[in-house]
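Structure, as structure tokens:
Readers should treat all values here as calculations from the given coordinates under stated rules, not as data from a laboratory. Treat the numbers as computed from the prediction; the structure is a model and nothing was measured. No Cβ is skipped: glycine too gets one built from the backbone with ideal geometry, and neighbour counts run over all protein chains shown.
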Amino acid sequence: MTAHRIALVPGDGIGQEVVPAAVRVIDHLAAQAGLDLTYEHFDLGADRYLRDGTTMPADVMARWNSGEFGAVMMGALGDPRVPSNIHARDILLGARFELDLFINLRPVRLLDPRYTPLKDKGPDDIDMVVFRENTEGLYTGIGGQFKKDTPDEVAIEAELNTRKGVERIIRAAFEYADRHGRPSVCMSDKSNAMRHGHDLWQRVFKAVAAEYPAIEALHLYVDVLCMELVRKPERFDVIVTNNLFGDIVTDLGAQLQGGIGLAASGNLHPGKVGLFEPVHGSAPDIAGKDLANPLAAILSAGMMLTYLGHPELEQRIQKAVQDVLASGAVTRELGGSLGTAAATDAVIEVLG
């Protein structure tokens, strides 16, 4: 029997409902497939921070980085009782940076044409994967403020791009395209305006693309990419871009596929622990009311199963989610009438 240890961080708000829902689904599959999944719950989030001031303990990070766990399943983070969101930043961004999870992998896959806002577009048109650089760019916190709260205040935010960081995310995108039979990779930057850092992206992209002559290498400025994603999403297979642009482009992609309630993600470094999370927020206004959509968390758990070496189980989850979408057995924001628990039951019933 194949065994995997998984760290669970339900987090805040609806994360405490959708992460257990995802665990129910993968436990159902594990029983059928002969997998031994064991979990350890980590008390991290707003409640812990408000109780004792803890955000991300160093010993927890060390355990996650030690190889003890195959994956981390994390819920949403964010709570109005912590206006600074310091706990969310330290836990999620801290894990991304400290564990060097340089790939933010975001599938953009339409499972049912009724749920996209685009006219006359179907599942064959919206089926791409975005590789967002996850450890550099404008999210490193490099910069400062001078003469704060005065009329002469200056605020500087610096973008960090390293040759190593740019090359490894671009190479990961090409390797994915090569392994999965994706015919093209589109790199997006703003090198016409950001001439130093994004010139590095241009040069590295051309060098890596030359190693994959069978894959079409495309380039679009990020504003054009956003327009083209709306106009003609079917032209994209794999997209690779920096941290900030990837954050924006993947949220646009989430809407194209039916909303953030269907958007899954993984934070990866091949050979290391992977961190998987639905990309929606903690939604404190509906937390604890059995209203949250569990499908993004369930799809994220499917990605986790693939990362752990069981892609056939992720395929079963995707098919089950597609079936419940087609049947209308979904939560209210998708036009259904089910609560979180019942929507999870619907997925498990389809899995059989």
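In table form, for the structure just shown:
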item	result
Cβ-defined net charge surrounding Gly197, 15 Å radius [Lys, Arg +1; Asp, Glu -1]	-2
Space enclosed by the convex hull of the alpha-carbon atoms of region 21-111, per residue, Å³	153
Least to most buried among Arg96, Arg171, Arg332 (fewest other Cβ within 10 Å first)	Arg332, Arg171, Arg96
Kirkwood Rh in Å, taken over all unlike Cα pairs in region 84-236	17.7
Helix-only mean residue ellipticity at 222 nm for the chain, each DSSP H run of n ≥ 4 adding -39500 (n - 2.57), per residue, nearest 500	-12000 deg cm²/dmol
Stretch gain in nm, segment Lys272-Tyr221, where the contour uses 0.36 nm per residue and the Cα spacing is subtracted	15.2 nm
Relative contact order computed over region 1-97 (Cα-Cα under 8 Å; 6+ residues apart), in percent	42
Cα pair distances exceeding 14 angstrom across region 1-67, given as percent	66
Against the rule of thumb 2.2 N^0.38 Å, how large the Cα Rg of region 157-291 comes out	1.15
Dimensionless Rg over Rh [region 96-141; C-alpha; Kirkwood]	1.20
Label-point separation in nm, Ser66 to Ala31, each point 7 Å along Cα→Cβ	3.2
Lys319-Ala193 FRET efficiency (beta carbon distance; Förster radius 56 Å; 0.05 resolution)	0.80
In the chain, lysine pairs with alpha-carbon atoms under 19 angstrom apart (chain gap of 8 or more, or interchain)	5
Cα gyration tensor of the chain - equivalent ellipsoid semi-axes, whole Å, descending	30, 26, 21
